[in-house]
Amino acid sequence: MEIARALKAHGCDIVDVSAGHAVANAPAGRGRLFQTPFSDRVRHEAGLPTMTVGNIASYADVNSILAAGRADLCVLARAHLYDPYWTRHAAHAQGVDLPWPDQYGPVKGFTPRR
């Protein structure tokens, strides 16, 4: 917590809260949203906006984390590696029509076969 407070005191706007997993022999994650409690604690105890990570896979996960005030942003790594348009697909599934960049204009009306 002291690091988060020091970052805030030096003008940090937001911090990505993660419990590590930065080495090959680190233990695997502990399940769905397993890092969110760390983000929640830093956000509320240090008063610093946070980004959370850790097995966030659905837009329902993202919406519930943000609505509950457990983080200010959700960072999705594997979901975006699997589907680079994850955010666009999540928005579409919730009825939000995001604008396409000009070079993607022809894609707007495309409906893939399933």
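Here is how the numbers come out for the structure above:
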| quantity | calculated |
| --- | --- |
| Failed item in (1) of a type in the set (Val, Ile, Thr); (2) modelled with pLDDT under 95; (3) under 30 Å from residue 47 (Cβ atoms), with residue 65 passing the rest | (2) |
| Segment 88-112, residues that are charged (D, E, K, R) and surrounded by 10 or more Cβ atoms within 10 Å (Cβ to Cβ) | 88 |
| Any chance residue 79 is over 19 Å from residue 18 (Cβ atoms) and assigned to a helix (DSSP H, G or I) | no |
| Residue 26, sole failed condition from (1) among the hydrophobic types (A, V, I, L, M, F, W, C); (2) under 25 Å from residue 90 (Cβ atoms); (3) touching a Gly at 6+ places or on another chain (Cβ under 9 Å) | (2) |
| Hits in segment 29-70 (condition: loosely packed, with under 12 Cβ neighbours inside 10 Å and farther than 22 Å from residue 83 by Cβ) | 30, 45, 47, 67, 68, 69 |
| Among the candidates 71, 24, 57, 19, residue that is part of a loop (DSSP other than H, G, I, E, B) and out of contact with any helix residue (DSSP H, G or I) (no Cβ under 9 Å at 6 or more places or on another chain) | 24 |
| Qualifying residue in segment 48-59 (condition: farther than 30 Å from residue 10 by Cβ and of a type in the set (Phe, Trp, Tyr)) | yes |
| First in segment 30-50 and without any contact (Cβ under 8 Å) to a residue 40 or more places away in the chain and closer than 9 Å to residue 70 by Cβ, second anywhere and surrounded by 15 or more Cβ atoms within 10 Å (Cβ to Cβ) and among the small types (Gly, Ala, Ser), Cβ under 6 Å, 6 or more apart | 39/71; 50/39; 50/71 |
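The values are calculated or read from the model by the stated rules, or taken from the named source; none is laboratory data. On a predicted model such as this, the values are computed, not experimentally measured, just so you know. Using ideal geometry, Cβ is built from the backbone for each residue, glycine included, and neighbour counts are taken over all protein chains shown.
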